[in-house]
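Asker: One structure coming up, written as C-alpha coordinates, with questions to follow.
The values are calculated or read from the model by the stated rules, or taken from the named source; none is laboratory data. Model, not experiment: these values are computed from the prediction. Here the Cβ positions follow ideal geometry from the backbone for every residue, glycine too, while neighbour counts run over all protein chains shown. What goes into the accessible areas is simple: the full protein's heavy atoms, side chains included, and nothing from ligands, DNA or RNA. Shrake-Rupley method; radii C 1.70, N 1.55, O 1.52, S 1.80 Å.
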Amino acid sequence: MAVRFLSVTRRYPVDLCRLTPSAVNRSVVGLFSTAAEHHSAGDDCHGDDGDDDHSHSVTHIRTLETRARKLEEQVHDLTERYKRALADSDSVRRRTQKYVEDAKLFGIQSFCRDIVEVADLLEKVEEGDGVQQLTQYMAHIQGRLQDIFTKHGLEKMRPVGSTYDPYQHEIVCHTPAEGVEPGSIAVVKQDGYMLHGRTIRHALVGIAVKTQEQ
(Lines give C-alpha, C1' and ligand atoms only; values in the text may rest on other atoms or scores of the structure.)
Protein backbone atom coordinates (compact mmCIF):
# COMPACT_ATOMS: atom_id res chain seq x y z
CA MET A 1 0.00 0.00 0.00
CA ALA A 2 2.78 2.43 0.94
CA VAL A 3 4.56 1.74 -2.32
CA ARG A 4 1.43 2.38 -4.29
CA PHE A 5 0.84 5.55 -2.31
CA LEU A 6 4.34 6.83 -3.03
CA SER A 7 3.92 6.00 -6.67
CA VAL A 8 0.68 7.91 -6.78
CA THR A 9 2.11 10.90 -4.96
CA ARG A 10 4.95 11.10 -7.49
CA ARG A 11 2.45 11.31 -10.30
CA TYR A 12 0.07 13.61 -8.41
CA PRO A 13 2.20 15.75 -5.95
CA VAL A 14 0.37 16.98 -2.80
CA ASP A 15 1.74 19.17 0.05
CA LEU A 16 0.80 16.98 3.02
CA CYS A 17 2.17 19.40 5.65
CA ARG A 18 -0.59 21.90 4.93
CA LEU A 19 -3.40 19.37 5.13
CA THR A 20 -5.35 18.31 8.19
CA PRO A 21 -5.56 14.62 9.00
CA SER A 22 -9.04 14.39 7.57
CA ALA A 23 -7.95 16.28 4.48
CA VAL A 24 -4.97 14.00 4.17
CA ASN A 25 -7.26 10.99 4.22
CA ARG A 26 -9.52 12.56 1.64
CA SER A 27 -6.56 13.46 -0.55
CA VAL A 28 -5.10 10.02 -0.33
CA VAL A 29 -8.45 8.43 -1.16
CA GLY A 30 -8.90 10.86 -4.03
CA LEU A 31 -5.47 10.15 -5.38
CA PHE A 32 -6.08 6.43 -5.26
CA SER A 33 -9.44 6.89 -6.90
CA THR A 34 -7.95 9.01 -9.68
CA ALA A 35 -5.12 6.58 -10.24
CA ALA A 36 -7.55 3.70 -10.35
CA GLU A 37 -9.67 5.50 -12.92
CA HIS A 38 -6.66 6.20 -15.08
CA HIS A 39 -5.51 2.61 -14.78
CA SER A 40 -8.96 1.31 -15.66
CA ALA A 41 -9.18 3.70 -18.58
CA GLY A 42 -5.81 2.54 -19.83
CA ASP A 43 -6.82 -1.09 -19.54
CA ASP A 44 -10.07 -0.43 -21.35
CA CYS A 45 -8.34 1.36 -24.25
CA HIS A 46 -5.85 -1.44 -24.58
CA GLY A 47 -8.65 -4.00 -24.77
CA ASP A 48 -10.52 -2.04 -27.47
CA ASP A 49 -7.40 -1.75 -29.63
CA GLY A 50 -6.88 -5.51 -29.51
CA ASP A 51 -10.46 -6.17 -30.62
CA ASP A 52 -10.18 -3.66 -33.45
CA ASP A 53 -6.93 -5.18 -34.70
CA HIS A 54 -8.44 -8.65 -34.62
CA SER A 55 -11.53 -7.53 -36.52
CA HIS A 56 -9.38 -5.73 -39.09
CA SER A 57 -7.22 -8.83 -39.60
CA VAL A 58 -10.27 -11.07 -40.09
CA THR A 59 -11.76 -8.63 -42.60
CA HIS A 60 -8.48 -8.41 -44.50
CA ILE A 61 -8.17 -12.19 -44.65
CA ARG A 62 -11.73 -12.53 -45.94
CA THR A 63 -11.05 -9.91 -48.59
CA LEU A 64 -7.94 -11.75 -49.73
CA GLU A 65 -9.84 -15.04 -49.84
CA THR A 66 -12.54 -13.44 -51.99
CA ARG A 67 -9.95 -12.03 -54.36
CA ALA A 68 -8.20 -15.38 -54.55
CA ARG A 69 -11.47 -17.12 -55.48
CA LYS A 70 -12.16 -14.55 -58.19
CA LEU A 71 -8.66 -14.97 -59.58
CA GLU A 72 -9.05 -18.76 -59.61
CA GLU A 73 -12.34 -18.38 -61.50
CA GLN A 74 -10.69 -16.04 -64.01
CA VAL A 75 -7.78 -18.43 -64.51
CA HIS A 76 -10.19 -21.33 -65.06
CA ASP A 77 -12.23 -19.29 -67.53
CA LEU A 78 -9.14 -18.19 -69.47
CA THR A 79 -7.82 -21.75 -69.54
CA GLU A 80 -11.09 -23.02 -71.01
CA ARG A 81 -11.09 -20.24 -73.60
CA TYR A 82 -7.51 -21.05 -74.54
CA LYS A 83 -8.36 -24.74 -74.99
CA ARG A 84 -11.37 -23.88 -77.17
CA ALA A 85 -9.26 -21.49 -79.25
CA LEU A 86 -6.64 -24.21 -79.80
CA ALA A 87 -9.32 -26.67 -80.84
CA ASP A 88 -10.89 -24.16 -83.24
CA SER A 89 -7.48 -23.28 -84.69
CA ASP A 90 -6.64 -26.93 -85.26
CA SER A 91 -10.02 -27.48 -86.91
CA VAL A 92 -9.52 -24.50 -89.23
CA ARG A 93 -6.02 -25.73 -90.09
CA ARG A 94 -7.35 -29.18 -91.03
CA ARG A 95 -10.15 -27.71 -93.15
CA THR A 96 -7.75 -25.34 -94.91
CA GLN A 97 -5.36 -28.19 -95.63
CA LYS A 98 -8.24 -30.22 -97.07
CA TYR A 99 -9.28 -27.27 -99.28
CA VAL A 100 -5.72 -26.92 -100.56
CA GLU A 101 -5.48 -30.62 -101.34
CA ASP A 102 -8.84 -30.55 -103.12
CA ALA A 103 -7.76 -27.47 -105.10
CA LYS A 104 -4.64 -29.30 -106.26
CA LEU A 105 -6.64 -32.33 -107.30
CA PHE A 106 -9.75 -30.72 -108.75
CA GLY A 107 -8.53 -27.23 -109.70
CA ILE A 108 -8.54 -28.20 -113.39
CA GLN A 109 -11.92 -29.88 -113.18
CA SER A 110 -13.62 -27.30 -115.41
CA PHE A 111 -10.80 -27.46 -117.94
CA CYS A 112 -11.01 -31.24 -118.02
CA ARG A 113 -14.76 -31.16 -118.70
CA ASP A 114 -14.16 -28.92 -121.72
CA ILE A 115 -11.31 -31.06 -123.01
CA VAL A 116 -13.53 -34.14 -122.79
CA GLU A 117 -15.83 -32.49 -125.36
CA VAL A 118 -12.92 -32.28 -127.79
CA ALA A 119 -12.13 -35.93 -127.12
CA ASP A 120 -15.75 -36.76 -127.98
CA LEU A 121 -15.39 -34.90 -131.29
CA LEU A 122 -12.23 -36.82 -132.16
CA GLU A 123 -13.90 -40.13 -131.47
CA LYS A 124 -16.64 -39.31 -133.95
CA VAL A 125 -14.16 -39.06 -136.80
CA GLU A 126 -14.65 -42.06 -139.09
CA GLU A 127 -12.00 -43.56 -141.33
CA GLY A 128 -14.39 -43.64 -144.29
CA ASP A 129 -14.80 -39.89 -144.38
CA GLY A 130 -13.28 -38.09 -147.34
CA VAL A 131 -10.23 -35.88 -147.08
CA GLN A 132 -12.24 -32.68 -147.44
CA GLN A 133 -14.72 -33.76 -144.82
CA LEU A 134 -11.91 -34.73 -142.46
CA THR A 135 -10.18 -31.41 -143.02
CA GLN A 136 -13.35 -29.49 -142.17
CA TYR A 137 -13.95 -31.67 -139.16
CA MET A 138 -10.40 -31.19 -137.85
CA ALA A 139 -10.68 -27.44 -138.37
CA HIS A 140 -13.84 -27.50 -136.27
CA ILE A 141 -12.06 -29.43 -133.54
CA GLN A 142 -9.11 -27.06 -133.65
CA GLY A 143 -11.42 -24.06 -133.31
CA ARG A 144 -13.23 -25.64 -130.40
CA LEU A 145 -9.94 -26.42 -128.71
CA GLN A 146 -8.74 -22.81 -129.05
CA ASP A 147 -12.04 -21.58 -127.59
CA ILE A 148 -11.43 -23.80 -124.56
CA PHE A 149 -7.89 -22.48 -124.21
CA THR A 150 -9.11 -18.87 -124.33
CA LYS A 151 -11.83 -19.59 -121.77
CA HIS A 152 -9.26 -20.87 -119.29
CA GLY A 153 -6.62 -18.20 -119.93
CA LEU A 154 -4.41 -20.42 -122.08
CA GLU A 155 -3.11 -18.47 -125.08
CA LYS A 156 -1.03 -19.61 -128.03
CA MET A 157 1.87 -17.32 -128.88
CA ARG A 158 2.03 -15.73 -132.32
CA PRO A 159 5.60 -14.43 -132.41
CA VAL A 160 6.25 -14.19 -136.19
CA GLY A 161 7.53 -10.73 -137.00
CA SER A 162 8.08 -9.77 -133.36
CA THR A 163 11.35 -9.31 -131.51
CA TYR A 164 13.02 -12.24 -129.84
CA ASP A 165 12.21 -12.51 -126.12
CA PRO A 166 14.24 -15.09 -124.13
CA TYR A 167 11.39 -15.38 -121.61
CA GLN A 168 8.99 -16.55 -124.34
CA HIS A 169 11.06 -17.89 -127.19
CA GLU A 170 13.85 -20.37 -127.80
CA ILE A 171 15.99 -20.02 -130.90
CA VAL A 172 16.43 -23.28 -132.79
CA CYS A 173 17.60 -22.00 -136.14
CA HIS A 174 18.39 -19.01 -138.36
CA THR A 175 16.69 -18.44 -141.66
CA PRO A 176 17.04 -15.92 -144.48
CA ALA A 177 14.90 -12.89 -143.93
CA GLU A 178 11.99 -12.98 -146.33
CA GLY A 179 9.30 -10.48 -145.65
CA VAL A 180 10.49 -9.76 -142.10
CA GLU A 181 13.14 -7.55 -140.60
CA PRO A 182 16.51 -9.22 -139.95
CA GLY A 183 16.87 -10.15 -136.29
CA SER A 184 13.13 -10.70 -135.83
CA ILE A 185 11.33 -14.01 -135.62
CA ALA A 186 10.77 -15.43 -139.08
CA VAL A 187 9.36 -18.89 -138.41
CA VAL A 188 7.83 -20.92 -135.57
CA LYS A 189 8.88 -24.55 -135.32
CA GLN A 190 6.70 -25.30 -132.28
CA ASP A 191 3.97 -23.15 -130.78
CA GLY A 192 4.47 -21.67 -127.35
CA TYR A 193 1.73 -21.11 -124.80
CA MET A 194 1.05 -18.67 -121.97
CA LEU A 195 -1.32 -19.17 -119.05
CA HIS A 196 -2.75 -15.88 -117.78
CA GLY A 197 0.30 -14.06 -119.11
CA ARG A 198 2.86 -16.54 -117.77
CA THR A 199 4.90 -18.64 -120.17
CA ILE A 200 4.26 -22.34 -119.65
CA ARG A 201 5.99 -23.47 -122.86
CA HIS A 202 8.54 -21.56 -124.88
CA ALA A 203 7.98 -21.19 -128.61
CA LEU A 204 10.70 -22.75 -130.76
CA VAL A 205 11.52 -20.10 -133.31
CA GLY A 206 13.87 -19.28 -136.18
CA ILE A 207 15.49 -15.83 -136.39
CA ALA A 208 15.69 -13.98 -139.71
CA VAL A 209 19.21 -13.09 -140.89
CA LYS A 210 20.51 -11.15 -143.88
CA THR A 211 21.78 -13.12 -146.85
CA GLN A 212 24.73 -12.18 -149.04
CA GLU A 213 22.38 -11.19 -151.83
CA GLN A 214 20.66 -8.73 -149.50
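Asker: Using a 1.4 angstrom probe on heavy atoms only, work out the carbon and sulfur share of the accessible area of the stretch 60-152 in %. All intermediate terms of the calculation are to be shown ahead of the outcome.
Answerer: Working: 4540 of 7960 Å².
Whole-percent figure for carbon plus sulfur exposure: 57.
Asker: Shape of the stretch 103-181 from its Cα gyration tensor (a ≥ b ≥ c, root eigenvalues): rounded if a/c is under 1.5, otherwise prolate when a/b > b/c, or oblate?
Answerer: Values: a/c = 3.20, a/b = 1.33, b/c = 2.41.
Oblate shape, in that a/c is at least 1.5 and b/c is the bigger or equal ratio.
Asker: Out of all DSSP beta bridges with both ends in the stretch 107-214, state the antiparallel percent to the nearest 5. Intermediate values should be presented prior to the final figure.
Answerer: Details: 11 of 18 bridges.
Taking every DSSP beta bridge within the stretch 107-214, about 60 percent pair in antiparallel fashion.
Asker: Tell me, what does the Kirkwood hydrodynamic radius of the stretch 155-213 come to in angstroms if you use every pair of distinct C-alpha atoms? Mind dumping the intermediate values first?
Answerer: Working: mean 1/r = 0.0876 Å⁻¹.
Hydrodynamic radius (Kirkwood, Cα pairs) of the stretch 155-213 is 11.4 Å.
Asker: While we're looking at this one, here's another question. What number comes out for accessible area per residue over the stretch 76-214 if the probe is 1.4 Å? Units Å², please.
Answerer: Details: 10550 Å² over 139 residues.
Per-residue accessible area for the stretch 76-214 comes out at 76 Å².
Asker: Okay, moving on. Give the Cα extents of the stretch 60-152 along the principal axes, in whole Å, largest first.
Answerer: 107, 21, 11
Asker: Using 18 Å as the cut-off for backbone N distance, which residues of the stretch 152-178 belong to the label zone defined by a point 7 Å from the Cα of V116 along Cα→Cβ?
Answerer: Inside the label zone: 152.
Asker: Sequence-distant or interchain residues sharing an amide H contact under 5 Å with T175, placed H: which?
Answerer: Result for T175 returns I207, A208, V209.
Asker: Which whole-Hz couplings ³J(HN,Hα) result when phi for each residue of the stretch 81-93 is put into the Karplus expression 6.51 cos²θ - 1.76 cosθ + 1.60, θ = phi - 60°, listed in order with x for Gly and Pro?
Answerer: Along the stretch 81-93, the couplings run 5, 5, 5, 5, 5, 4, 5, 5, 4, 5, 5, 5, 4 Hz.
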